[in-house]
Amino acid sequence: MAQVTMYCTTVCPYCTRAEMLLKQRGVQDIRKIYVDRDPAQRAVMMERTGRRTVPQIYIDERHVGGFDDLSALDRANGLLPLLQA
């Protein structure tokens, strides 16, 4: 299973929904980087993704985007192949 990294905040309904979807698809371990606890990590996230909002999700080194992007990828049957690569 691929490594999943998620930039998130402690209070974020979209982060929670993204985590739930990933777990439904078999992901057992998500590396969470809390940008509200470490402002330097928010800067890293913005540099890496070009986005300011959370969640920002990576599957291995591929930037998937936020929850809406993750959900659309799943609906298009593209999420499981990425996770199983």
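FYI, it's all coordinate maths here, none of it is from the lab. From a predicted model like this one, the values you see are computed outputs, not experimental measurements. Cβ atoms come from the backbone with ideal geometry, glycine included; neighbour counts cover every protein chain shown.
Compared with the direct C-alpha span, the chain from M1 to R31 gains 9.5 nm at full extension, assuming 0.36 nm per residue. Placing dummy labels 7 Å off each Cα toward the beta-carbon, the span from N77 to M20 is 2.5 nm.
Report summary: the helix-based calculation at 222 nm, which adds -39500 (n - 2.57) for every DSSP H run with n ≥ 4 and divides by the residues of the chain, gives -13000 deg cm²/dmol. Cysteines of the chain lacking any other cysteine Cβ under 4.7 Å from their own Cβ: none, as each has such a partner. Once C-alpha pairs closer than 8 Å and six or more residues apart are averaged by separation and normalised to the residue number of the chain, the relative contact order reads 38 percent. Here the spin labels are modelled as points 7 Å beyond Cα on the Cα-Cβ line, and at Q84 and T53 they lie 3.1 nm apart.
The packing ranking of peptides 41-48, 11-18, highest mean first, is 11-18, 41-48, where packing means the average number of other beta carbon atoms within 10 angstrom of each residue. Note on V44 and R62: the extension gain reaches 4.9 nm, defined as 0.36 nm multiplied by sequence separation minus the Cα-Cα distance.
Any idea what angle helix 39-49 forms with the longest principal axis of the chain, computed on alpha-carbon atoms, 0 to 90 degrees, nearest 10? Result, in degrees: 50. Any idea what angle helix 13-24 forms with the longest principal axis of the chain, computed on alpha-carbon atoms, 0 to 90 degrees, nearest 10? The angle comes out at about 30 degrees. Which one is right for this structure if Rg/Rh (Cα atoms, Kirkwood Rh) is calculated from it: (i) 0.94; (ii) 1.20; (iii) 0.91? Computed from these coordinates, Rg/Rh (Cα atoms, Kirkwood Rh) corresponds to label (i).
The dipole here belongs to segment 1-69: it is taken about the Cα centre, uses +1 on the Cβ of Lys and Arg and -1 on the Cβ of Asp and Glu, and is about 80 debye.
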